[in-house]
Structure formats: structure tokens, C-alpha cells
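*Asks:* The structure is given below, and queries will be raised subsequently.
What follows draws every value from the coordinates through simple rules; no lab data is involved. Because the structure is a prediction, the values reported are computed rather than measured. Reconstructed Cβ throughout: ideal geometry from the backbone, glycine too, with neighbour counts over all protein chains shown.
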């Protein structure tokens, strides 16, 4: 059975403060029987921008509340076993009462979220028509009892995972280290294949953009009020700036919907079978 040597290309990113990724196959999970364990590190954060509007300058913070990790493989396939997922909150539901229990996980889950806010998130996400859920909330049955689960990292499809900002900071924005402590998935090489190419991308929907006015500087000295029209203008300006920097923009292919995602960072990993390399050099 061949042994594998892997190499990671230099990562690319659109806005480094917003999202950066690091992918590798550690040596301790690089076995022929189990495949190649893919470790993906993801760091997200907020950035700031100054936007002039008439006599005022608006200092805005912005980031994303939801994103998706996508893994594309050539020369192999993603195993259905040992796929990473992590829950943020679990709520038990029955006919007489509703009990809420939080589970602390790595990455600061639980910071800034009270019971009332958890209930609001659940009410939004369990709505069958709520577009914001996109697999981040599921209903599970265990021994006849039903639970609503809010996922921090949701195993959402054959090659993608959704990450949810609620629980990561008080604003519900993806921030700090989101992934990187455990293997995301296992890539199994195709029989007889001597090379496996893995591409890891992180993308966000522009509609999940979060903005907050941190400061307004007025040259005229008059007090300024931020109305809905100004907020919408600010969001359009930030969206345009991110669109210009995005690595890729394409319609969502997984569900066939018309949602557009922005690729914010990506990295490629190549695995080569050492036995085949020696045969070629002989």
C-alpha cells in the first residue's frame, strides 16, 4: 500500500481580516486504510471602513454571520464516516413545556447569548420558509424525545459545511478561530490513483453581511442621526467593495437556487503516492 506525501499551496484571500483558511493533511491521519484526514483551519473577523456621506464620515465595522466551507476533490472522494460537525445549542420540545440547555464547545460558543436570544434564533430558523437557516437548525429524535439543534458547524452536504456566527461573539458574527482543532473529513483516494488534488474554499452570501456604525464624525459640528436610508447606502458601498475583492462569484450550484456566493479565501492541497513516485524515477 502506498504512503502519501502532501503539499499545501499558498492560501489566497480577498480580505484577510474577514476570512483566512489553512488546509493540510497531518502525518498522523495520513494512512492508506483510512484515507487522508483533512484538517481545515478557518479564522474570521470584522474589518472597518470609513465612508464619507455629505459632511459626515461614517466609521463602520462589518463581517459575516454565516459562511460555507466547500471541499472539492479530484482523484478521490470524501468519506461519509467521521465528518466533523459541532452543535451550539440544543432545545428539548414536548407538549407541556420547553426546556433549553446549552452545550459549551470550543471556539467560545455561548458568549453573549441569553435564553431569550436563543429562543428568537430558534423561532427564526425553524420556520419552514426561513431562508436564513439553510441547514443550520435540525430537528432530531432520540428515544421518543424531540430536540431542535442549532449547529455552529453543520454537516450540510456531500462536500460542504455551514458555519454559523451565533455563539461566536455577542453580535452573532463569525470571528476569531472557527475551525482547526479537529479533522473536517477524510478523503479516500480512488483505486490505482497516484495523485489527489483537494481544493478548500470559504464563501459567504452577500446577504449575510453584518454592519454596525461605530463612529460618525461631522465636519459641520451638527449631531448626525443614522436613518434606514443611510444604513442601506452604507451596506451597498461595503458590498460593492467586497465584490471587487472577492476571489470568485458564482450562483449556488448545490441546490440550484439563484443565491450568489462570494469566495473569500481558498487553498489547495496535493497528495502524491510515494511508491508511484519511486517507480517513475527508476
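*Asks:* Taking 8 Å as the Cα distance limit and 6 or more residues as the minimum spacing, I'd like the relative contact order of the stretch 21-87 as a percentage.
*Replies:* Relative contact order for the stretch 21-87 comes out at 19 percent.
*Asks:* By counting other Cβ atoms within 10 Å of each Cβ, how are 82, 155, 50 ranked from fewest to most?
*Replies:* 50, 82, 155
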